[in-house]
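The next block holds one structure in the form of structure tokens; read it before the comments.
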There are 2 protein chains.
Amino acid sequence: MSLLDRLSLNQITTQRWDLQQAVDGCVRNEVPWIGVWREKIHEFGAEHSARLIRDAGLKVSSVCRGGFFPAPTEGERKARIDESRRAIEEAALLGASTLVLVCGPPFDKDLAGARAMVAEGIAALVPDAAAHKVKLGIEPLHPMMLGQRSVICTLAEANALAGQFHAEHVGVVVDVFHVWWDPTLYSEIARAAGRILGFHISDWVEPLPDIIYGRAMPGDGLIDLRRIHQAVFEAGYRGPIEVEILNTAIWERPGDEVLREMKERIVEHL
Amino acid sequence: MSLLDRLSLNQITTQRWDLQQAVDGCVRNEVPWIGVWREKIHEFGAEHSARLIRDAGLKVSSVCRGGFFPAPTEGERKARIDESRRAIEEAALLGASTLVLVCGPPFDKDLAGARAMVAEGIAALVPDAAAHKVKLGIEPLHPMMLGQRSVICTLAEANALAGQFHAEHVGVVVDVFHVWWDPTLYSEIARAAGRILGFHISDWVEPLPDIIYGRAMPGDGLIDLRRIHQAVFEAGYRGPIEVEILNTAIWERPGDEVLREMKERIVEHL
């Protein structure tokens, strides 16, 4: 597959579009894959969404997201796991091979305790993932997001966690924005061979406009996209390349313009 | 020494004070140590500053900062090293045992290349550090600051780098704000035993007000200060505990109030 055959629009990149608009935009701009967010799917219902995507000839690269495991009570932790079960079912319905796991922030100062709850949560989900033939993709998030999004913040940790389970069911998602700074990045990507379930791209500009909503168009920033992509390729990954840009300024732009630019950028920078 | 005997005011915490005011503030509030910034020292001249601090009965915990090694040309890299040599001389004059190294951002996408320049820069400084009996403290900075401040962003990396040199000359500085998120934190603190040259505290609140100027008063945030302090203590560190808070809102407050609060906080939270 060429790069463009592997291109996926992660829906958050065109946040103002609903699912129908995003699907139409992908068709118009010949983007063959779409990465969906559950909130967007729920607007149309999972079954209708699945049909809408399939009828347009698109494939779903991933569903975002399950996880958010740490919680102070057993009841709350169980509720989070149940919510992730519903996410697995939706992923199966949509024909997505991967559910992205954003593992969740801690609820107190005990990070090790929160990380143990993540491992327990994933263990609880593996039978469901197996039954639905959906893989769980642990996405390490940038350490600056620990307090808001994820206690799993390095690829080393994600690899170690995934390694506790069969590669048929649990792997990792490599998002350049989250991991580019890591001095162990290339060795950890090599170690993830056979477990890489997704590859997400965007870029990092200085000064960063916002911790959550400040990601840039691939090629506009400091990240060595080509080298990271090459490492992921050498580790055997041939799946979709999702452009996932959380950026309020880019959300203001016409979606078609953003999709055209995405296509130019991956050809130029990967 | 009790905690309060080890307390140091890092000058940046009371950014509006000049050196004279900071020294007077420390004396008034019985803070026995001060961590100085070169810009602040230069306002008074290094010799006058040294006398002013000594006459007040204060001790200098560290000088901030040398480093910023990566640069595109050999001439620029040499200029950065020369600047760090002047910082070493100033540290010696001030009676500081440690010069903090902020290693510097990359100037292009080649992070490995920038990291190699950091190692070369430190190697070039070691003879000067030895001659002046000043130790070089490699401070890993939070990964979110890589693009602005430092390609050295984990304690593991700082330990590996320091390990290339004699412990008499090169060690690491542990700042909780920069390292609290790290799943390898406690093993790396243990590994740093005998090399810990400084311990800096502040806190991390959510949402973080600013990447550079958004640090919080110790105890106000998510960081497990007590556990990290205990780990540093168990690794043998008995030196000054610097309160280093870069926060524009705290800078607006009266310095004496900030110093009183610092003292309460370290007693309560360490």
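The values are calculated or read from the model by the stated rules, or taken from the named source; none is laboratory data. These figures come from a predicted structure and were not determined experimentally. Glycine gets a Cβ as well: all are built from the backbone with ideal geometry, and neighbour counts include every protein chain shown. Only protein heavy atoms, including side chains, enter the accessible area calculation; ligands, DNA and RNA are left aside. Shrake-Rupley method; radii C 1.70, N 1.55, O 1.52, S 1.80 Å.
Spin-label model, A:GLU43 to B:ALA131: label points 7 Å out along the Cα-to-beta-carbon direction sit 6.7 nm apart.
In segment B:75-226, the DSSP beta bridges split such that about 10 percent are antiparallel, to the nearest 5. Within the straight-line cut-off of under 23 Å between alpha carbons, the lysines reachable from B:LYS109 are A:LYS263, B:LYS78, sequence neighbours fewer than 8 places apart in one chain being disregarded. For peptide A:141-148, the mean count of partner chain Cβ atoms within 10 Å of a residue's Cβ comes to 6.
Please report, ordered by residue number, every helix of chain A (full DSSP H runs) that is 27 Å or longer along its axis going by C-alpha atoms and whose mean Kyte-Doolittle hydropathy reaches -0.5.
Values: long enough: A:74-94 (30 Å, -0.97); A:111-132 (31 Å, 0.98).
What comes out of the filter, once short or polar helices are dropped, is A:111-132.
With the whole protein complex present, A:TRP33 retains an accessible surface near 40 Å², based on a 1.4 Å probe.
Heavy-atom accessible surface of A:GLU83, to the nearest 10 Å², is about 70 Å², with a 1.4 Å probe and all protein chains retained.
Distances between copies of B:ARG16, taken at a point 7 Å out from Cα along the Cα→Cβ vector and listed shortest first: 4.2 nm. Amide H to amide H distances under 5 Å link B:ASP175 with B:HIS200, where only residues 5 or more positions off or on other chains count and H is placed in the peptide plane. Buried between B and A is an accessible area of approximately 2200 Å², summed over both sides with a 1.4 Å probe.
When only alpha carbons are used to place a centre, segment A:123-167 and segment A:92-110 end up 7 Å from one another. Within segment A:235-270, list the residues whose amide N lies under 17 Å from a label point set 7 Å along Cα→Cβ of A:ARG28. Counting only backbone N, you get A:251-264. For B:TYR213, A:TYR186, the ranking by accessible surface with the largest value first comes to B:TYR213, A:TYR186, using a 1.4 Å probe.
For the protein assembly as shown, give the share of DSSP beta bridges that are antiparallel, in percent and rounded to the nearest 5; count only bridges with both residues there. Here the share of antiparallel DSSP bridges comes out near 5 percent.
Once neighbouring chains are kept in place and the probe is 1.4 Å, which whole percent of the accessible area of segment A:137-203 is contributed by carbon and sulfur? Please report the intermediate quantities before stating the final value.
On the way: 780 of 1540 Å².
Answer for segment A:137-203 is 51 percent, counting heavy atoms of protein chains only.
Put a dot 7 Å past the Cα of A:ALA56, heading toward its Cβ, do the same for A:GLU83, and the two dots end up 2.6 nm apart.
Write down the percent of antiparallel bridges among all DSSP beta bridges whose residues are both part of segment A:159-266, to the nearest 5. All intermediate terms of the calculation are to be shown ahead of the outcome.
Working: 2 of 9 bridges.
Given both bridge residues lie in segment A:159-266, the antiparallel proportion sits at roughly 20 percent.
Between the alpha-carbon centers of segment B:49-70 and segment A:191-268, tell me the distance in whole angstrom. Segment B:49-70 and segment A:191-268 have Cα centres separated by 43 Å. Straight-distance candidates among the aspartates and glutamates for linking to A:LYS133, with alpha-carbon spacing under 16 Å and chain neighbours fewer than 8 residues away dropped: A:GLU89, A:GLU90, A:GLU168. Secondary-structure-derived ellipticity at 222 nm for chain A, considering helices only, amounts to -13000 deg cm²/dmol, per-run term -39500 (n - 2.57) for DSSP H runs with n ≥ 4.
Inter-label distance, A:GLU168 to A:ALA190: 2.9 nm, where each label sits 7 Å from its Cα along the C-beta direction.
For segment B:1-118, the calculated P(r) over all alpha carbon pairs, in 10 Å bins from 0 to the bin holding the longest distance, is 14, 40, 26, 16, 4 percent.
For segment A:125-188, the equivalent ellipsoid derived from the alpha-carbon gyration tensor has semi-axes of 23, 13, 9 Å in decreasing order. Taking A:PRO140, A:PRO127, A:PRO105 as the candidate residues, the one with maximal mean-square fluctuation in a Gaussian network model of chain A, Cα springs under 10 Å, is A:PRO127.
How much net charge surrounds A:ALA231 when only other residues with a Cβ under 13 Å from its Cβ are counted (Lys, Arg +1; Asp, Glu -1)?
Values: positive: A:ARG191, A:ARG226, A:ARG227; negative: A:ASP182, A:GLU188, A:ASP224, A:GLU234.
Counting the neighbours of A:ALA231, the net charge comes to -1.
With K and R counted +1 and D and E -1, the other residues having a Cβ less than 13 Å from that of A:ASP24 yield a net charge of -3. Inter-copy label distances for B:ALA131: 7.3 nm (label point placed 7 Å from Cα along Cα→Cβ; shortest first). Between the amide H of B:GLY221 and those of B:TRP204, distances stay under 5 Å, these residues lying 5 or more places away or on another chain, with hydrogens modeled in the peptide plane.
How large, in Å, is chain B by the Kirkwood hydrodynamic radius built from its alpha-carbon pairs?
Details: mean 1/r = 0.0544 Å⁻¹.
Hydrodynamic radius (Kirkwood, Cα only) of chain B equals 18.4 Å.
Shape analysis of segment A:109-160 places it in the prolate category; the axes a ≥ b ≥ c from the Cα gyration tensor give an a/c of at least 1.5, with a/b above b/c. Placing a label point 7 Å from Cα along the Cα-to-Cβ direction at B:ALA190 gives distances to the equivalent points in the other copies of 2.7 nm, listed shortest first.
Closest approach to the axis carrying B onto A, counted by Cβ on chain B and given in whole Å with its residue, is B:MET144, 2. Compare each residue of segment A:183-223 in its chain alone against the assembly with all protein chains, and report those whose accessible area goes down by 40 Å² or more; 1.4 Å probe, heavy atoms. Flagged in segment A:183-223: A:PRO183, A:GLU206, A:ILE211, A:LEU222. A 1.4 Å probe run over the protein chains yields, for segment A:1-143, 40 Å² of accessible area per residue, whole-number rounding. Shape class of segment B:61-181 from the alpha-carbon gyration tensor: oblate, with a/c at 1.5 or above and b/c at least as large as a/b. Shape of segment A:169-270 from its Cα gyration tensor (a ≥ b ≥ c, root eigenvalues): rounded if a/c is under 1.5, otherwise prolate when a/b > b/c, or oblate? Note, shape of segment A:169-270 comes out prolate.
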